[in-house]
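Below: one structure, written as structure tokens.
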Amino acid sequence: MARSTSPSPPPEELAEKIIDIDVSEEMRGSFLEYAYSVIYQRALPDARDGMKPVQRRILYQMNEMGLRPDRGHVKCARVVGEVMGKLHPHGDAAIYDAMVRMSQPFAMRVPLVDGHGNFGSLGGDDAPAAMRYTEARMGRAAELLVTSIDEDVVDFRPNYDGQEREPEVLPAAFPNLLVNGASGIAVGMATNMAPHNLGEVIAAARHLIAHPDADLEKLMEFVPGPDLPTGGTIVGLDGIRDAYAKGRGTFRTRATVSIEKVSPRRTGIVVTELPYSVGPEKVVGRIKELVQSKKLQGISDLKDLTDRNQGLRLVIELKNGFNPEGVLAELYRLTPMEESFGINNVALVDGQPQTLGLRELLQVFVDHRLDVVRRRSEHRRSKRLDRLHLIDGLLVALLNIDDVIALIRDSEDTAQARERLMEAYSLSDVQARYILDTPLRRLTRYDRLELENEAEQLKREIEELTSVLESDAKLRRLVSKELAEVAKKFGTPRRTTLLESDGAARTAAVPLEMDDVPCNVLLGSDGMLGRSKGAAIPRVYEGLRTQHDAVAAALPARSRGGVGLVTDLGRVIRVPVVELPELPDSGEDAPPLASGLPVEEFADLAEDERVIALAAVDGEGPGLALGTEQGVVKRVVRDYPANRDDYEIIALKDGDRLAGATQLATGEEDLVFVTSNAQLLRFSASAVREQGRPAGGVAGVKLAEGARVLWFGAVAMPEDSVLVTMSAATSGDALLPTEGGSAKVTPFEAYPAKGRATGGVRCHRFLKGEDGLVFAWVGRAPARAFRADGGPLRLPDMDPRRDGSGEPQPRAIASIGTGQHDTGILGTAEA
């Protein structure tokens, strides 16, 4: 009998189910889910570490793979595969594109990936090679973004399949979002952030840490504007201020050009920097197109001389009879040599997209960094407490080693031994287990000493970490110190020049919104630098308690100008005035330089080099007068190079150094030499002709055998000035460190002027046992003396005898201060 082939009805659970839905509701829900994914998982960076998810995952995975700067490069395909397989399920092209951008020095102000191979070109004219050909590892700066990530400083979350874990944010030891900028297009919103100078941004962040209520104007003194990787010039500052205040603004970027003689008969426009994200091929193509269509006149030839050695160099040769400035204006108007950049500071804050100004961006980073350092300190303290707990238990066992060994030997098993140890010596379970796991070779007397030393070290570290966690001020100082170290190690000079809308040039470190007002740069006797708020020099005698409150030199300046630090090796180190800290008004409780910074923050000095004076490096004037220890005098013409921050101003002979330097106000002052054998020579500054920087000067004072110049300076008002000298027994050129000598105060008018290159007149008679001067100073009265430890020292009464002997003093003079408003108001002893 044939079996029936008709199908049996399907079970009820397998029956087809049709659900009626509203198409519009489904589209709306799906689109919102897609938009949410794009905004939070792809396009927008986090305001804390400045990273998009793909960038964060690349750096984290490279760190996990050990691809640090001290290791070798690996194929990019390997990195892309690891990131895609473990953390980022969006395809290899998106991962590799993000990795390429992080390695491009013309796209990132501080590149985060160190690449080998073709990673593209400026403007995107040359595409990067495939990832199977290129190699990469983490950049040096990228280590700062992942540092301490294994110390529980950030939260982790599961990856897309729940088998791995990834950080929600990186620790970020520098403000990456402001430094490197960001760009991205989401759904319904976009972000476009300009790169900035790392040193400037960190300086603003440190100021915000120290002054949480700082306003935008103060922060813009540190961050005057974007600093683009390709340099160029920013024109129009109103848009930058709008962006810093509201998060949105527009500015124009221009190429950096110079008008030069490109041939004996031709003038040309030489382009050395282009606007951000504009490549030379794009500019060359546009210029050729305009010339062929006769929309641009006056260009005879165009050469692209760009190479690896000299960098970008486009030479636009002009026809004779055409105005180079007019042609340049047309190039700016018609070609990509001038482009607009629209700032749109959109980033994620607590998971929500927000438009942020400069202060808000800095505040988010500062809060994040404070939280990271706090959590790091808690983690380190916890680890040290756990280790100290184990060591305390082991030390208890070592003190009772015989009983412990007997107790363990008599126990039936490990569990009984552990319980008996805990009961006999009040140990915790962890301590007892650690004792049982410790090998017998660790129970020697030497190991006991090592454990005791380790315990003391752990206690000190725990105490230090606890003080940081319990004090918000210490925590802020620690974060500020770490930021300063990052700026010192990775900071670079500004590349982009800022121009006002009227075309007035701005230098690299000048803030945009700060008025160009007169001020005074002050150098303290203890090497502190700062600038006063107004044109008047603070009266340093009021509230003068120690030499560390006194001013060694003061120089009128402009807040947008520069000042030179003169060293005894004949160097001038130029420092922008705006970088100097602004000093409070002096008073009884506020010494002028209490909030200054040491000169070492601004000048890289040799081990035996010191700053002796300040020099005006901007504007016109009678220049600088120099005097050396071997008696040479020189007046320097102000031909200081504008493109160098460190240069020599005198050719010193072997073994010679500058004894003093003074900025002349009129050129009619008296120059004064005081020698170690108590000779004083005074002559007019007009007797010394000006010389260029390479010159070695002329004869100033005639020295006796074995003598040297002890003090050199200028006196503008002889009738109000005094000479302070001190003689003592000397050992070679060294002052006896604690013994005093004979001090004398004489009216400066008592010493007649003599001719240059003569020996001068005697200014101090030595007492028995004295053989030389160890201190000399000429300046406005009244004079106040200080010891080497900073305490005050009484000076003798005025002695009208120009060659009289001094009055014995219990301690040696280290420096002189005065209450007069003068530019040479303090002298310092030379050890």
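Hey, A714 hits all of (1) part of a loop (DSSP other than H, G, I, E, B); (2) touching a residue at least 12 places away in the same chain (Cβ under 8 Å); (3) within 23 Å of E609 (Cα to Cα) but one; which does it fall short on?
Condition (1) is where A714 drops out.
Could you list, in sequence order, the residues of region 240-269 that are assigned to a strand (DSSP E or B), in contact with a Ser or Thr (Cβ under 8 Å, 6 or more places away or on another chain) and buried (at least 19 other Cβ atoms within 10 Å of the Cβ)?
If the condition is that a residue be assigned to a strand (DSSP E or B), in contact with a Ser or Thr (Cβ under 8 Å, 6 or more places away or on another chain) and buried (at least 19 other Cβ atoms within 10 Å of the Cβ), then F251, T253, R254, T256, V257, I269 are the ones that fit.
Pull up region 295-324, narrow it to residues that are modelled with pLDDT of 85 or more and charged (D, E, K, R), then point me to the one that is nearest to the chain's Cα centre (by Cα).
Looking at the filtered set, the residue picked out is R313.
So, in region 717-752, of the ones that are assigned to a loop (DSSP other than H, G, I, E, B) and touching a Leu at 6+ places or on another chain (Cβ under 9 Å), which residue ends up modelled with the highest pLDDT?
Checking each candidate, the answer is Y751.
Name the strands (runs of 3 or more DSSP E) wholly within region 604-664 that hold at least 1 residues that are among the aromatic types (F, W, Y) and assigned by TED's automatic domain parsing to the domain that holds G697?
Strands (runs of 3 or more DSSP E) meeting the threshold: 646-648.
Look through region 520-530, keep the residues that are assigned to a loop (DSSP other than H, G, I, E, B) and not charged (D, E, K, R), and return whichever of them is modelled with the highest pLDDT.
The qualifying residue modelled with the highest pLDDT is G527.
Can you find even one residue in region 498-519 that is modelled with pLDDT of 55 or more, assigned to a strand (DSSP E or B) and among the polar types (S, T, N, Q)?
There is no residue in region 498-519 that is modelled with pLDDT of 55 or more, assigned to a strand (DSSP E or B) and among the polar types (S, T, N, Q).
Please verify whether region 349-361 includes one or more residues that are outside the structural domain of V154 (by TED's automatic domain parsing), over 30 Å from K218 (Cα atoms), charged (D, E, K, R) and part of a helix (DSSP H, G or I).
For region 349-361, residues outside the structural domain of V154 (by TED's automatic domain parsing), over 30 Å from K218 (Cα atoms), charged (D, E, K, R) and part of a helix (DSSP H, G or I): absent.
When you check L583 against the structure, is it over 18 Å from R693 (Cα atoms), modelled with pLDDT of 90 or more and either surrounded by 21 or more Cβ atoms within 10 Å (Cβ to Cβ) or out of contact with any helix residue (DSSP H, G or I) (no Cβ under 9 Å at 6 or more places or on another chain) (or both), yes or no?
For L583, the condition - over 18 Å from R693 (Cα atoms), modelled with pLDDT of 90 or more and either surrounded by 21 or more Cβ atoms within 10 Å (Cβ to Cβ) or out of contact with any helix residue (DSSP H, G or I) (no Cβ under 9 Å at 6 or more places or on another chain) (or both) - is not met.
Residues being surrounded by 24 or more Cβ atoms within 10 Å (Cβ to Cβ) and either farther than 25 Å from V179 by Cα or not assigned by TED's automatic domain parsing to the domain that holds T147 (or both): count how many of those fall in region 52-75.
Of the residues in region 52-75, 0 are surrounded by 24 or more Cβ atoms within 10 Å (Cβ to Cβ) and either farther than 25 Å from V179 by Cα or not assigned by TED's automatic domain parsing to the domain that holds T147 (or both).
Scan region 678-702 for residues that are assigned to a loop (DSSP other than H, G, I, E, B) and surrounded by 19 or more Cβ atoms within 10 Å (Cβ to Cβ) and report the count.
Of the residues in that region, 4 qualify.
Out of M108, M102, I need the residue that is assigned to a helix (DSSP H, G or I), of a type outside the set (V, I, T) and not assigned by TED's automatic domain parsing to the domain that holds P226. Which one?
Answer to the check: M102.
For residues that are outside any strand (DSSP E or B) and at positive phi, tally how many sit in region 298-348.
The qualifying residues number 2.
Hey, among the residues in region 19-41 that are at pLDDT 70 or above and not aliphatic (A, V, I, L, M), which one's surrounded by the fewest Cβ atoms within 10 Å (Cβ to Cβ)?
Of everything passing the filter in region 19-41, D20 is surrounded by the fewest Cβ atoms within 10 Å (Cβ to Cβ).
List every residue pair whose Cβ atoms sit under 7 Å apart, with the two residues 6 or more apart in sequence or on different chains, where the first one lies in region 778-792 and is small (G, A, S) and the second, anywhere, is outside any strand (DSSP E or B) and at pLDDT 80 or above.
Close Cβ pairs (under 7 Å, with a partner that is outside any strand (DSSP E or B) and at pLDDT 80 or above) amount to A781/D720; A783/L795; A785/L795; A785/I813; A788/A812; A788/A814.
Considering each of P800, P752 in turn, give the residue that is assigned by TED's automatic domain parsing to the domain that holds G660, under 16 Å from V672 (Cα atoms), surrounded by fewer than 15 Cβ atoms within 10 Å (Cβ to Cβ) and over 48 Å from the mean Cα position of the chain (by Cα).
P752
Taking the options V284, V235, V291, name whichever one is surrounded by fewer than 24 Cβ atoms within 10 Å (Cβ to Cβ), under 30 Å from I316 (Cβ atoms), assigned by TED's automatic domain parsing to the domain that holds A473 and among the hydrophobic types (A, V, I, L, M, F, W, C).
From the options V284, V235, V291, the qualifying one is V235.
Please determine, by comparing only the residues of region 760-782 that are in a strand (DSSP E or B), farther than 20 Å from G817 by Cβ and not aliphatic (A, V, I, L, M), which one is modelled with the lowest pLDDT.
So the residue we want is G772.
Any residue in region 628-651 that is without any contact (Cβ under 8 Å) to a residue 60 or more places away in the chain sitting within a Cβ distance under 7 Å of a residue that is of a type in the set (D, E) and assigned to a loop (DSSP other than H, G, I, E, B)? List the pairs, counting only those 6 or more apart or interchain.
R638/E620
What number of residues within region 783-799 satisfy the criterion of being farther than 13 Å from A743 by Cα and either at pLDDT 90 or above or in a strand (DSSP E or B) (or both)?
Of the residues in region 783-799, 1 are farther than 13 Å from A743 by Cα and either at pLDDT 90 or above or in a strand (DSSP E or B) (or both).
The values are calculated or read from the model by the stated rules, or taken from the named source; none is laboratory data. Owing to the predicted nature of the structure, the values given are computational and were not obtained by experimental measurement. Glycine gets a Cβ as well: all are built from the backbone with ideal geometry, and neighbour counts include every protein chain shown.
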